[in-house]
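Presented below is the structure to which this report refers.
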Amino acid sequence: MFPTRVLSLPNALNLRELGGYPAGERFIAWHKLLRSGTLGHLDRSAGVELAGYGVSTVVDLRTRGEQTTRPDQLPRTVRYRPMSVYPFADHYGRFTKAARRLRRATRTGNTMTTTYVQLLMDTHARQVFADLFGILLATTGPRQAVLFHCTAGKDRTGVAAIMIEAALGVPAATQREDYLLTNLVLERPGEFAHADLTQGASAFVNQMNAHTAEVANFTAVQDFVTTNYGAWPAYLHQSLGLSAQDLTDLRQLYLTDSPEPR
């Protein structure tokens, strides 16, 4: 595969590079961070090609049902980490403090927007994202890439990408552009992907996949962090347990001085 923003790999869905995005005066390095939808349709040669690109670890954010129904097709050389974000662990009863906080953060009442904010608040989801950062910090090889994905590569993957990009210092405008790029990539999914996106999971996940990547969702995520924590570093520290040294180490591992592929 040639290193481009949207990577061409047979039967991959929404497979994208984060390399080259600006982060202050530096840039995300190529061959280090990838996001995608399902990898359950790859054939052997495509899996080998993905490993040859540098992918050493795949983090699967799908539910156990999705993972079982459409397991990732990966060579043994790639470390597979199933880390389901759903189901949520916390109860948002009508009169609980968490429910009031959630209502304030999602005044529109949009179900999608509410789910995005829950991804930031829920105890289980936060632990999964903290573990994802742990994997990123442990992947120290110069040509080792981490790929994280769900089924569409849009919602769970989208929030994970926003978190990672924010941790690396990618500006909000670029985070938003990367989030919305999914709509262009998934405009005409192939037949195999269409079935997975509409019938491949629980009713809740299928409903999420039926929606596009919406600006309101991205805005709700940013507003929640700004309103409750002031900025992303505080959220990452207080909610995910990342230290200032962790953020420094992440930037040392995943940023480079050039935006060009190497």
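The values are calculated or read from the model by the stated rules, or taken from the named source; none is laboratory data. Predicted model only: the values in this text are computed from it and were never measured. Because the Cβ atoms are built from the backbone with ideal geometry, glycine has one as well, and the counts that use them run over all protein chains shown.
For the reader, a short list of remarks on this structure follows.
- The set of residues from the stretch 30-44 being of a type outside the set (F, W, Y) and in a loop (DSSP other than H, G, I, E, B) comprises H31, K32, G37, T38, L39, G40, H41, L42, D43.
- Boolean, V225 is within 16 Å of R156 (Cβ to Cβ) and modelled with pLDDT of 95 or more: no
- Hits in the stretch 1-24 - residues which are touching a Pro at 6+ places or on another chain (Cβ under 9 Å) and not in a loop (DSSP other than H, G, I, E, B): E17, P22, A23
- Failed item, numbered, when H41 is tested on (1) over 21 Å from I162 (Cβ atoms); (2) crowded, with 21+ Cβ neighbours inside 10 Å: (2)
- Where F27 falls short, out of the listed (1) under 18 Å from the mean Cα position of the chain (by Cα); (2) in a strand (DSSP E or B): (1)
- Count of residues meeting criterion [within 23 Å of S84 (Cα to Cα), of a type outside the set (V, I, T) and not in a helix (DSSP H, G or I)] in the stretch 142-188: 11
- Matching residues, the stretch 115-159, being of a type in the set (G, A, S) and either without any contact (Cβ under 8 Å) to a residue 60 or more places away in the chain or over 14 Å from Y254 (Cβ atoms) (or both): A125, A130, G134, A138, A152, G153, G158
- Selection from the stretch 30-55 of residues that are under 17 Å from the mean Cα position of the chain (by Cα) and under 28 Å from T248 (Cβ atoms): W30, H31, K32, L33, L34, R35, S36, V55
- Count of residues meeting criterion [under 21 Å from A125 (Cα atoms) and surrounded by 17 or more Cβ atoms within 10 Å (Cβ to Cβ)] in the stretch 54-71: 9
- Count of residues meeting criterion [modelled with pLDDT under 95 and touching a helix residue (DSSP H, G or I) at 6+ places or on another chain (Cβ under 6 Å)] in the stretch 228-262: 0
- Among residues of the stretch 26-43 that are under 18 Å from V185 (Cβ atoms), those with a beta-carbon under 6 Å from a residue that is surrounded by fewer than 21 Cβ atoms within 10 Å (Cβ to Cβ) and at pLDDT below 95 at least six positions away or on a different chain give the pairs T38/R70; G40/R70; H41/N11; H41/F192; L42/N11.
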